[in-house]
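The values are calculated or read from the model by the stated rules, or taken from the named source; none is laboratory data. Treat the numbers as computed from the prediction; the structure is a model and nothing was measured. A quick note on method: Cβ atoms are made from the backbone with ideal geometry, for glycine too, and the neighbour counts reach across all protein chains shown.
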Amino acid sequence: MGKLVGEFNAYRSKMNEKILASDNKVMKRIYGIDTLTYQEGALSTKVKEMLGLATSMVLRCDDCVKYHLEKCYEQGVTTKEIFEVFSVANLVGGTIVIPHTRRAVEYWEELHDGKN
């Protein structure tokens, strides 16, 4: 695992533990809804993660982009598919999404250890 991926996952885990340890019912339910949303249904988990990636790029949330890139990687999304997701996100979101695409490409490459 590369530095970007390792640091992101460590920070995310640490902070999620703190948030969930607050025992706030609303926060726990939001996290629960998030988990349920990405389960298999009429749409596959793979498709849902690609949708999550595209919408996160349009919303310009780099943490969300990283999260969904990793989930896409786990679901077997190919680099060609990822670039199609990027194209949709850039079309919908406009050129302001380009800097997020740059960081997304860097993160995707790290997920693949530079092999893809």
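What to note about this one:
- Hey, Val65 touching a Ser or Thr at 6+ places or on another chain (Cβ under 7 Å) and β-branched (Val, Ile, Thr) or not: yes
- Among the criteria (1) under 25 Å from His112 (Cβ atoms); (2) in a helix (DSSP H, G or I), the one Val77 does not fulfil is (2).
- Candidates Leu53, Leu4, filtered to the one that is surrounded by 13 or more Cβ atoms within 10 Å (Cβ to Cβ), at pLDDT below 95 and either in a helix (DSSP H, G or I) or not charged (D, E, K, R) (or both): Leu4
- Residue list for region 35-50, filter: exposed (fewer than 12 other Cβ atoms within 10 Å of the Cβ) and in contact with a Ser or Thr (Cβ under 8 Å, 6 or more places away or on another chain): Gln39
- Extreme residue, surrounded by the most Cβ atoms within 10 Å (Cβ to Cβ), among residues of region 58-116 that are basic (Lys, Arg) and touching a residue at least 24 places away in the same chain (Cβ under 8 Å): Lys66
- First in region 22-43 and under 18 Å from Tyr67 (Cβ atoms), second anywhere and outside any loop (DSSP other than H, G, I, E, B) and among the hydrophobic types (A, V, I, L, M, F, W, C), Cβ under 6 Å, 6 or more apart: Met27/Ile19
- Consider region 21-34 and keep the residues that are not charged (D, E, K, R) and not in a helix (DSSP H, G or I). The one that is surrounded by the most Cβ atoms within 10 Å (Cβ to Cβ) is Asn24.
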